[in-house]
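Quick notes on the structure that follows.
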Amino acid sequence: MRDGMWRAHELGGPVVVIIVALSVVALGVILDRLWTYQRAGLGRNLRLAAVLEALESGQTADATTALAALCSPFVGVIVAPPLDGLLVLADGSLLLRGQPVGVAQAVAQAAQQDGMIRLMPDHALPAGMLIGLGRDLKAAGAQYVIIVAERRGP
């Protein structure tokens with residue numbers, strides 16, 4: 001082996017030795033990444049799809065059991081606490097944690113936390129009604145009103 005390296009050095013100079021050394025380092029990095037991805041289960045989303053399906057159908061016990069078996073970076077996102085926002089239904093009515101509330105109640109609740117109201121409007125809510133609701137919340141004393149929306153692709 002040593003004779004082979006010396007001959008490579010004689011033929012190509014120190015550049016060949018540097019290229020060989022960097023190739024060995026690159027191979028080590030590639031093998032490390034492959035091992036890490038294999039351990040994390042990236043690319044095997046069938047078990048993750050089963051967890052999401054169970055959550056969507058309301059089977060939280062099954063979802064929790066399946067989630068405990070997962071070794072995926074997505075687990076932290078799935079088990080994160082839900083955003084404490086103000087749901088605005090299509091008719092303009094407000095729900096906070098599943099309970100109907102008025103503008104004053106929503107502002108009082110926000111003042112107890114961080115003073116921020118996160119509106120999660122229904123897709124069918126007219127824009128004018130949403131803007132009016134934002135103005136009502138600000139007039140009632142809300143420090144910040146943030147509209148949380150989802151981005152839909154083409």
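The values are calculated or read from the model by the stated rules, or taken from the named source; none is laboratory data. Predicted model only: the values in this text are computed from it and were never measured. Please note: Cβ atoms are built from the backbone with ideal geometry, for glycine as well, and neighbour counts cover all protein chains shown. Each accessible area value is taken on the protein alone, full model and side chains, heavy atoms only, with ligands, DNA and RNA left out. Shrake-Rupley method; radii C 1.70, N 1.55, O 1.52, S 1.80 Å.
Some points to look at:
Results for (1) at pLDDT below 85; (2) within 30 Å of Arg7 (Cβ to Cβ); (3) surrounded by 10 or more Cβ atoms within 10 Å (Cβ to Cβ); (4) not hydrophobic (A, V, I, L, M, F, W, C), shown as yes or no for each residue.
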position: Ile18; (1), (2), (3), (4): no, yes, yes, no
position: Leu22; (1), (2), (3), (4): no, yes, yes, no
position: Ala26; (1), (2), (3), (4): no, yes, yes, no
position: Leu34; (1), (2), (3), (4): no, no, yes, no
position: Gly41; (1), (2), (3), (4): yes, no, yes, yes
position: Leu48; (1), (2), (3), (4): yes, no, yes, no
position: Ser57; (1), (2), (3), (4): yes, no, yes, yes
position: Thr60; (1), (2), (3), (4): yes, no, yes, yes
position: Ala63; (1), (2), (3), (4): yes, no, yes, no
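- Which listed residue is under 30 Å from Asp136 (Cβ atoms), open to solvent by 40 Å² or more (accessible area, probe 1.4 Å) and at pLDDT below 70, from Pro73, Pro82: Pro82
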